[in-house]
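Engineer: Provided herewith is a single structure, encoded as structure tokens, for subsequent inquiry.
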Amino acid sequence: MVFVTVSLWSQTVTDSLLFQLKQTTSDTLKINLYIELGNKLSYENPEKALIYYNQSIQIAKNYRNSDFIGKSYKAIGSFYYEKSDYEEALSNFKLAQIYFEKANNQRESGRAFMNIGNVYLSQNIDSKAYEYFLKALRIAEKSNYLKGISAAYNNIGLIYKERHNAIKAIDFYNKSLQIATQLNDKIGVSSTLTNIGNVYADEKKYNLAIDYYNKSLKIDTELNDKFGIVICYNNIGEVYAKQGLYSNAKQYYNNGIDLAQEIGNKSMLAMLYLNLSNLNLKELQLEEAYDNAMLSLKYAKLTNEIKAQSQVYELFSEIAVAQNNYKKALEFQKLFKKFNDSVSSIDRLMKIKELDVIFDADDKNKELQYLADSNKQNEIQITNQKILIYGFVFVIFIVILFSGILFKQNQDKVKMNSLLMLKGIQIEEKNKEIVNQHKDLEELNDTKDRFFSIIGHDLKNPMNSIIGFSDLLSENYNKYDDEKRSKFINIIRNSAHRSNELLENLLTWAQSQSNSIEYNPIRISLKKSIEEVFGLLNVQASKNGISLQSNFSVNCDVIADRNMLLTILRNLVSNAIKFSNHNSVVSIIVTPHDKFCEITVKDTGDGIPENEVEFLFDLHNKSKITKKSKSGSGLGLLLCKDFVEKQGGKIWVNSKINEGSEFTFTLPLAT
């Protein structure tokens with residue numbers, strides 16, 4: 001269970017924040033104010049809260065501050081997490097971690113890992129949760145961030161508790177509680193007290209469990225932590241139910257349901273209605289049991305919690321048995337088994353051993369290293385003592401004898417050497433600077449010459465066609481028949497399109513080289529992007545009798561910049577159309593892998609000679625490509641390479657003569 005502070009919203013506070021927004025010109029203050037506004041409105045007006053969060057992201061991106069971008073994504077992730085929208089929460093927390101790491105903010109990067117682990121834990125994916133909790137712990141230990149260490153210990157304890165290892169769970173909870181108490185971290189203390197109560201409840205030590213829950217409830221009430229209060233209501237209700245105090249249990253369940261509905265937490269609603277339904281069944285209130293089970297299933301489906309759905313179907317089966325409807329009971333039992341089988345018990349048994357080995361090995365390695373260092377130090381001390389005793393007097397005598405003689409000589413030499421060293425360093429730095437400047441100037445000259453060559457050659461030809469044929473039409477329009485006039489107009493139009501395409505690529509390339517193009521990674525559907533590009537190029541393809549096809553094994557979502565992705569796809573598909581034979585097919589094949597997605601644009605043209613493939617993405621070696629295969633400036637492919645690599649991917653070519661070419665690139669897969 002994870003505890004998040006939720007503040008009461010008031011119109012006065014919101015008006016105050018909006019007034020501050022109007023008064024300030026500071027981008028950093030605006031970002032913080034928009035995030036705070038989103039937090040205040042997250043329950044009462046979630047749509048407005050999202051607007052404020054997105055405004056904070058936009059300002060942070062314009063400000064080009066990775067730390068503030070990460071902070072904004074973290075706020076949105078927390079918003080979705082509290083609403084039990086785990087897919088959106090996970091996506092935003094991962095984006096936050098990427099930006100915090102980019103800003104070298106280790107503390108926030110560790111917190112982001114913790115948030116990601118919390119999402120996985122809420123989905124009962126314990127192995128992934130442990131992986132991210134351990135990452136957070138290592139970062140916190142490295143910087144001696146005690147609050148982060150405490151939180152990591154607490155959440156690792158949750159995993160051991162889920163795997164029914166009470167001793168390990170209590171051990172980690174106590175470590176967490178000790179640090180949280182030392183720091184006066186009330187939220188951390190409350191969370192740990194609740195979790196210790198859960199262990200005692202599982203051990204049937206009900207009085208101890210109630211004691212810990214009440215201590216936690218008292219702190220949550222002081223902090224107005226509504227999520228924490230809901231957790232306590234549910235847990236106290238469970239203990240009373242196990243003791244047979246059904247009236248008390250029902251009261252706490254209903255209080256929890258009212259508060260969970262207020263804050264919109266679907267996951268807790270699924271749990272509370274399930275517990276209330278179980279209570280109804282024990283009291284043989286079968287209609288109420290069925291109605292509450294249906295509500296539990298509704299919220300479990302909304303949060304996509306497999307384990308919760310499995311528990312509801314098992315309860316439905318028990319209700320049907322109590323109603324003597326054995327056919328219905330069997331149907332529900334089959335559904336229970338189907339969902340229950342998807343939760344891997346083998347993984348749980350293996351992972352608990354894995355955790356023990358890792359932590360035990362870690363502790364033992366530290367202990368062995370300490371003993372080895374101590375023994376080594378003792379041996380050195382014993383050996384050196386004898387040498388020091390016999391040599392001490394002699395060394396002192398020698399030092400006194402020569403120190404006076406060498407003092408002045410050493411003083412002069414040190415001064416001279418220092419001056420020479422300083423001069424040498426300055427000369428070396430100047431030489432490096434001159435060499436680097438010379439190299440940069442050569443590259444700039446080379447690029448400038450290439451651009452002039454492109455403009456002089458590739459732009460000149462279509463412009464000559466436009467001017468020449470438009471002159472012919474202007475001077476001899478009435479002499480030509482409709483067919484010839486139409487032919488000339490098509491030539492002028494095609495030449496204009498080629499000129500426009502070249503100018504667009506030149507402009508985009510120039511912006512890319514001057515770093516004036518912003519990189520804004522978001523979650524993008526490849527299927528929608530490919531359909532958009534096919535729509536733009538369908539007329540060009542139809543003119544050449546070429547069909548555009550896409551082949552998806554699954555619909556991949558990637559983390560990419562939308563404009564960069566569309567530029568890559570547009571250039572590769574346009575080239576494929578240009579080089580394909582008439583009445584053929586240009587296809588895009590999308591293949592997902594573990595951490596990236598592979599996109600291949602395939603044509604059926606003449607292919608590219610093997611000795612020319614390596615020069616396709618090289619601005620300075622375009623002259624080595626034969627005239628037959630060189631249909632343009634090649635800037636489109638250079639842009640593709642530049643944009644793919646900026647997004648963490650790779651691009652390459654496979655081509656066979658008379659069979660066609662395959663241009664393949666990769667992008668990070670959205671998880």
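Engineer: Using the alpha-carbon centroid of each, what span in Å lies between the range 293-316 and the range 94-141?
Structural biologist: So the two Cα centres are separated by 28 Å.
Engineer: Give the calculated FRET efficiency between residue 615 and residue 247 to the nearest 0.05, with a Förster radius of 56 Å applied to their Cβ-Cβ distance. The partial results should precede the final answer.
Structural biologist: Working: r = 82 Å, r/R0 = 1.47.
Once rounded, the FRET efficiency stands at 0.10.
Engineer: Excluding residue 192 itself, calculate the net charge of residues whose Cβ lies under 15 Å from the Cβ of residue 192, where each Lys or Arg counts +1 and each Asp or Glu counts -1.
Structural biologist: Here the count lands on +2.
Engineer: Here is a follow-up. Separation between the residue 503 and residue 485 pseudo-spin-labels, each 7 Å from Cα along Cα→Cβ, expressed in nm?
Structural biologist: Simple spin-label model gives 2.6 nm for this pair.
Engineer: With a Förster radius of 45 Å, plug the Cβ-Cβ distance of residue 127 and residue 547 into 1/(1 + (r/R0)^6) and report the FRET value to the nearest 0.05.
Structural biologist: With R0 = 45 Å, the Cβ-Cβ based efficiency is 0.50.
Engineer: Let me ask you something else. Show me, for the range 322-330, the HN-Hα J-couplings you get by feeding each phi into the Karplus relation (A = 6.51, B = -1.76, C = 1.60, θ = phi - 60°), rounded to Hz, glycine and proline as x.
Structural biologist: The phi angles translate into 4, 8, 6, 9, 6, 5, 5, 4, 5 Hz.
Engineer: I've got another one for you. Spin-label point model (7 Å from Cα, Cβ direction): what's the residue 138 to residue 291 distance in nm?
Structural biologist: That separation, rounded to one decimal, is 5.3 nm.
Engineer: Let me ask another. Along Cα→Cβ, 7 Å out, is where each label goes; now give me the distance between the ones at residue 324 and residue 64 in nm to one decimal.
Structural biologist: Roughly 7.9 nm, to one decimal.
Engineer: Under the 0.36 nm per residue contour assumption, what length would be gained going from the current alpha-carbon distance of residue 164 and residue 646 to full extension?
Structural biologist: On the way: separation 482, 0.36 × 482 = 173.52 nm, distance 4.62 nm.
Gain in length upon complete extension: 168.9 nm.
Engineer: Further, regarding this structure: Suppose R0 equals 22 Å. What FRET efficiency, 1/(1 + (r/R0)^6) with r the Cβ-Cβ distance, do residue 520 and residue 28 give to the nearest 0.05? Spell out each step's value before the answer.
Structural biologist: On the way: r = 19 Å, r/R0 = 0.88.
For R0 = 22 Å, the calculated efficiency reads 0.70.
Engineer: What net charge is computed for the residues neighbouring residue 333, neighbours being all others with C-beta under 12 Å from the C-beta of residue 333, Lys and Arg scored +1, Asp and Glu -1? Intermediate results must be reported in sequence, preceding the final value.
Structural biologist: Numbers: positive: 327, 328, 334, 337, 338; negative: 314, 318, 331.
Once positives and negatives cancel, what remains is +2.
Engineer: I would also like to ask the following. Name all residues of the range 287-330 having a backbone nitrogen under 17 Å from the label point set 7 Å from the Cα of residue 338 along its Cα→Cβ direction, giving them as ranges.
Structural biologist: Only 297-298, 300-302, 304-318, 327-330 fall inside the zone, counting backbone N under 17 Å.
Engineer: While we're here: Under 15 Å from a point 7 Å along the Cα-to-Cβ line of residue 101: which residues of the range 640-655 have their amide N that close?
Structural biologist: 647-649
Engineer: Follow-up question, since we're still on this one. Around residue 279, with a cut-off of 15 angstrom between Cβ atoms, what is the net charge of the other residues, counting Lys and Arg +1 and Asp and Glu -1?
Structural biologist: -3
Engineer: Sticking with this one: Please compute the length gained on full extension between residue 283 and residue 669, using 0.36 nm multiplied by the number of residues separating them and subtracting their Cα-Cα distance.
Structural biologist: Once the chain is fully extended between residue 283 and residue 669, it gains 133.9 nm.
Just so you know, all these numbers are worked out from the coordinates, no wet-lab data involved. Remember, predicted model here, so these are calculated numbers, not experimental data. For neighbour counting, all protein chains shown are included, and Cβ atoms are generated from backbone atoms with ideal geometry for every residue, glycine included.
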